[in-house]
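K.L.:
After the structure tokens below, expect a handful of questions from me.
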Amino acid sequence: MGNRQRPRLLPGKLTAAMSFVNPVNKSFCLEQVCESNYQKLLKLIPDLMAFKETAIGLAPHHTTLHLDIIERTPYTMTVELSHCFNRNKEAYLAPAVKIRVYLDAQLAEVLSDHVRAGVTQVFKDPGLSLEIMNYKWRLNYFLQKWLDHCLKKDYLFSADEATEALA
């Protein structure tokens, strides 16, 4: 490696690791990651299609996961998935990943998260395709790693009775 040393990664510092993963054919790899994210999301939340508005994922000794259904159409749904770091849901939700689930194509694509805005808000010029692809890659690669982390914790999801009762 010469004089350059790879920075050490601390647990939970996935952002630094993402800069090292840079596939040559990013569009193909992005599609593969979105397919993988769809499968992982359904494995994490098997009843995803059944939830009306919200659901809570619980795992022993781990932070609660919150699912909010933002929009539902015949072929897509938009959801937000977050860890809740306080009993008060409004206190601190992160990473608050907004995900578009393409039911017919079986893809799950990140639209934004709690620190990064959506692609259309960041890039006003559609001619910046390389930068757009890189941005989308980072968002979706993060989701892939986060879903892997969540799947290891054996979360079980059920409807959030407080919110469902109001519906």
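The values are calculated or read from the model by the stated rules, or taken from the named source; none is laboratory data. Since the model is a prediction, treat every value here as computed from it, not as a measurement. Because the Cβ atoms are built from the backbone with ideal geometry, glycine has one as well, and the counts that use them run over all protein chains shown. Accessible surface is based on the protein model in full, side chains and every heavy atom, while ligands, DNA and RNA are left aside. Shrake-Rupley method; radii C 1.70, N 1.55, O 1.52, S 1.80 Å.
K.L.:
Phe28 versus (1) exposed (fewer than 11 other Cβ atoms within 10 Å of the Cβ); (2) at pLDDT 90 or above; (3) part of a helix (DSSP H, G or I): which is the lone unmet condition?
P.N.:
Only one criterion in (1) exposed (fewer than 11 other Cβ atoms within 10 Å of the Cβ); (2) at pLDDT 90 or above; (3) part of a helix (DSSP H, G or I) is unmet by Phe28, namely (2).
K.L.:
Which ones in the range 102-118 are open to solvent by 20 Å² or more (accessible area, probe 1.4 Å), at pLDDT 95 or above and either of a type in the set (A, V, I, L, M, F, W, C) or part of a loop (DSSP other than H, G, I, E, B) (or both)?
P.N.:
If the condition is that a residue be open to solvent by 20 Å² or more (accessible area, probe 1.4 Å), at pLDDT 95 or above and either of a type in the set (A, V, I, L, M, F, W, C) or part of a loop (DSSP other than H, G, I, E, B) (or both), then Leu103, Asp104, Ala105, Gln106, Leu107 are the ones that fit.
K.L.:
Okay, moving on. Checking the structure you have, find out if any residue of the range 8-15 is under 15 Å from the mean Cα position of the chain (by Cα) and either closer than 27 Å to Pro74 by Cα or modelled with pLDDT of 90 or more (or both).
P.N.:
no
K.L.:
Something else about it: With the range 33-87 as the region, which strands (runs of 3 or more DSSP E) entirely inside it contain at least 2 residues that are among the charged types (D, E, K, R) and without any contact (Cβ under 8 Å) to a residue 40 or more places away in the chain?
P.N.:
Here the list reads 64-72.
K.L.:
Would you point out the residue of the range 88-101, among those that are open to solvent by 40 Å² or more (accessible area, probe 1.4 Å) and not in a loop (DSSP other than H, G, I, E, B), that is modelled with the lowest pLDDT?
P.N.:
Of everything passing the filter in the range 88-101, Leu93 is modelled with the lowest pLDDT.
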